[in-house]
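Q: Have a look at this one before I ask anything.
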Amino acid sequence: MRLTILGGGGFRVPQVIEAVADPQAPVRIDEVALYDVDPARLRVIARVVGPIAERSPHAPRLTVTTDLDEALRGTDFVFSAIRVGGTASRVLDERVALELGVLGQETTGPGGLAYALRTVPVMVELARRIRAVAPDAWVINFTNPAGIVTEAMRTVLGDRVVGICDTPIGLMRRAARALDLAEAPHGAGAFDYVGLNHLGWLRGLRVDGRDGLGDLIGDDARLIGIEEARLMGPDWVRAIGALPNEYLYYYYFTREATQRIAASAATRGEFLDEQQRAFYAAADRDGADALDTWHASHREREATYMAESRPEGKEGERAPEDAEGGYHQVAAQLMAAIATDRPATMILNVRNGDLVPGLPPEAVVEVGCEVDAEGVHPWPIAPVEGHMLGLMAQVKAVEQLTIEAALEGSADLAWKAFALHPLVDSVAVGRRLLEDYRGAFPELGRTLG
């Protein structure tokens, strides 16, 4: 089988190669094509993954190319993990919002919308090329904002594109560990998780034929072992009656998050921009051990993830068990289930249909699914009500406005999207966000008429 990675020069690509080269990998990939528009970054990542391929008899053959059609031709799976504009653009996504006093974060809030406005047209064009060159390929999308991008790509590829994220399954594993389970429950209906990408809740967890989530939520000693509960507090978890996805911190503690980020010496984007520049330069030097250099940078990156949510002085002290798993493992499991017809239980971004009646059928939602050779099958969920439905509906409306704005080149629709996002507190601020992002990104100034 052949796997194509769009964004093959990206920092996290070695994780995918390690996952498919592992002797215990759930699926054997014969060839991986790394595609990127930046040949220098491709060269560095090829140096990083070379030793991985050399030491594993199960490692796939590597093809490195800047030719999209060459990368796509004959492929079975396409894994998309690109960043339009690179980390330098992420810096602007975050800073423009912070300078107007609203949350500056990569995928949540106005920064995520600015990111989507630049990314959606690119991803739709890529989807059209995939349909033309590799019409039978399955597309696994990790390009952020993953929910918005997956929904936009579905207009071209339909059910053959699936969005993935590692945060929901990480939450699931932590909850299972807190309940002393050897593994997360699996099988249709094993858990009740619902939401949008980076906005969801674990509402039920089956243990010995009954829902064990209530026992977990009522036990502070167990809750304290779950990163999301430490982040938002056991009392708040009990108040909402569910375990929230870690990104809900930005909705439930907006003021605190914005203040912490604004007061930091550097935003997350600025930190990663500097770190990645240093990594690519160091790994490209003659005689450098590119793989060791990558591992050191990756450890620092993981330790400082969502640092603004941790107590002062402990920003870089993320527990090792909280960093377990990852999107590369989700991607490998998804490919294995489809290619080998070994059913797997997963949390994926898929078409809503009638799962959440309060949302449009074409909306992409994040829910529990069974995956097999026939595709992805979301299972029915309990009704979504109250503040969960309200927040999902408002954010989904904004996401769909953003897709329309990006594809139609409409400044008015983009303004509406910014102004109506729940993390933007004023229509006037929404207008300023649009104007400032258009000033920061010349391409938006040209395309949003």
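Q: Taking neighbour counts of Cβ atoms within 10 Å as a proxy for exposure, in what order, fewest first, do 348, 243 appear? Spell out each step's value before the answer.
A: Details: 348 24, 243 27.
Fewest-to-most Cβ neighbours within 10 Å comes out as 348, 243.
Q: Still on this structure: Can you give the FRET efficiency for residue 408 and residue 235, using 1/(1 + (r/R0)^6), R0 = 51 Å, r = Cβ-Cβ distance, to the nearest 0.05?
A: On the way: r = 45 Å, r/R0 = 0.88.
So the FRET efficiency works out to roughly 0.70.
Q: Once you order the gyration tensor axes a ≥ b ≥ c over the Cα atoms, which shape class does the range 181-251 get: rounded for a/c under 1.5, otherwise prolate or oblate by comparing a/b with b/c?
A: oblate
Q: Considering the chain as a Gaussian network with a 10 Å cut-off on Cα pairs, which listed residue, 400, 15, 24, attains the greatest mean-square fluctuation?
A: Most flexible of the set in this elastic network: 24.
Q: Mind listing which trypsin sites (Lys or Arg not before Pro) in the range 41-82 are in a DSSP loop and have 14 or fewer other Cβ atoms within 10 Å?
A: Values: sites: 41, 43, 47, 55, 61, 73; in loops: 73.
Those satisfying the criteria are 73.
Q: For residue 211, list long-range residues whose amide hydrogen, built 1.01 Å from N in the peptide plane, is under 5 Å from its own amide hydrogen.
A: Long-range HN contacts for residue 211: none found.
Q: Between residue 139 and residues 5 or more places away or on another chain, which pairs have amide H atoms under 5 Å apart, with H built 1.01 Å from N, and which residues are they?
A: Correct list: 78, 161, 162.
Q: Work out, step by step, the length gained on full extension between residue 426 and residue 186: first 0.36 nm times the residue separation, then minus their alpha carbon distance; give nm to one decimal. Mind dumping the intermediate values first?
A: Details: separation 240, 0.36 × 240 = 86.40 nm, distance 4.34 nm.
Taking residue 426 through residue 186 to full extension adds about 82.1 nm, to one decimal.
Q: Suppose the chain between residue 69 and residue 379 were pulled fully straight at 0.36 nm per residue; how much longer would it get relative to their current alpha carbon spacing?
A: Using 0.36 nm per residue and subtracting the Cα-Cα distance, I get 108.0 nm.
Q: Please give, to one decimal in nm, the separation of the simple spin-label points placed at residue 260 and residue 341, each 7 Å out from Cα toward the Cβ.
A: Going from the residue 260 label point to the residue 341 one covers 4.9 nm.
Q: Just to be sure I understand: with springs between alpha-carbon atoms less than 10 Å apart, which residue in 373, 337, 184 has the highest mean-square fluctuation in the Gaussian network model of the chain?
A: Greatest mean-square fluctuation among the candidates belongs to 373.
Q: Here's a follow-up. Order these peptides, 149-162, 385-398, by their mean beta-carbon neighbour count within 10 angstrom, highest first.
A: Sorting 149-162, 385-398 by mean packing, highest first, produces 149-162, 385-398.
Q: Taking a ≥ b ≥ c as the square roots of the Cα gyration tensor eigenvalues, with a/c under 1.5 meaning rounded and otherwise prolate when a/b beats b/c, else oblate, which class fits the range 362-432?
A: Judged from the Cα gyration tensor, the range 362-432 comes out oblate (a/c at least 1.5, b/c at or above a/b).
Q: Right, here's the next one. Return the calculated 222 nm mean residue ellipticity for the chain, to the nearest 500 deg cm²/dmol, obtained by summing -39500 (n - 2.57) across DSSP H runs with n ≥ 4 and dividing by the residue count. Write down the numbers at each step before the final one.
A: On the way: 20 runs with 226 residues, N = 449.
For the chain, the value works out to -15500 deg cm²/dmol.
Q: Across the range 264-281, in residue order, what do the Karplus-derived ³J(HN,Hα) couplings come to in whole Hz, using 6.51 cos²θ - 1.76 cosθ + 1.60 with θ = phi - 60° and x for Gly and Pro?
A: Here the 3J(HN,Hα) series is 5, 4, 8, 6, 4, x, 5, 4, 5, 4, 5, 5, 5, 4, 5, 4, 4, 5 Hz.
Q: Take the Cα of residue 131, step 7 Å along the line toward its Cβ, and report every residue of the range 146-187 whose backbone nitrogen sits under 19 Å from that point.
A: Only 148-163 fall inside the zone, counting backbone N under 19 Å.
Q: If I model a spin label as a point 7 Å beyond the Cα along the Cα-Cβ vector, how far apart are those points for residue 354 and residue 56 in nm?
A: That separation, rounded to one decimal, is 4.3 nm.
Q: Give the long-range amide H neighbours of residue 64: residues separated by 5 or more places, or on another chain, with amide H under 5 Å away, using H modelled in the peptide plane at 1.01 Å from N.
A: 34
Q: A further question follows. Take residue 286, project a point 7 Å from its Cα along the Cβ direction, then tell me which residues of the range 24-52 have their backbone nitrogen under 16 Å from it.
A: Within reach of a label on residue 286: no residues.
Q: If a paramagnetic tag sat 7 Å from the Cα of residue 446 along the Cα-Cβ line, which residues of the range 7-42 would have the backbone N under 20 Å from that point?
A: Counting only backbone N, you get 37-38.
Q: Would you please classify the overall shape of the range 124-266 from the alpha carbon gyration tensor, given that a ≥ b ≥ c denote the square roots of the eigenvalues, rounded means a/c under 1.5, and beyond that prolate means a/b larger than b/c while oblate covers the rest?
A: Values: a/c = 2.96, a/b = 1.44, b/c = 2.05.
Oblate.
Q: Label residue 435 and residue 394 with points 7 Å out from Cα along Cα→Cβ: what is the distance between them in nm?
A: Taking the two extended label points, one gets 2.5 nm.
Q: Another question, if that's okay. Cut-off is 10 Å between beta-carbons; in what order do 22, 36, 273, 136 appear when sorted fewest neighbours first?
A: On the way: 22 15, 36 23, 273 18, 136 8.
With the sparsest Cβ surroundings first, the list reads 136, 22, 273, 36.
Laboratory data are not the source of any read-out in this text; all were calculated from the coordinates shown. Note that this is a predicted model, so its numbers are computed, not measured. So basically every Cβ, Gly included, is an ideal-geometry build from the backbone, and we count neighbours across all protein chains shown.
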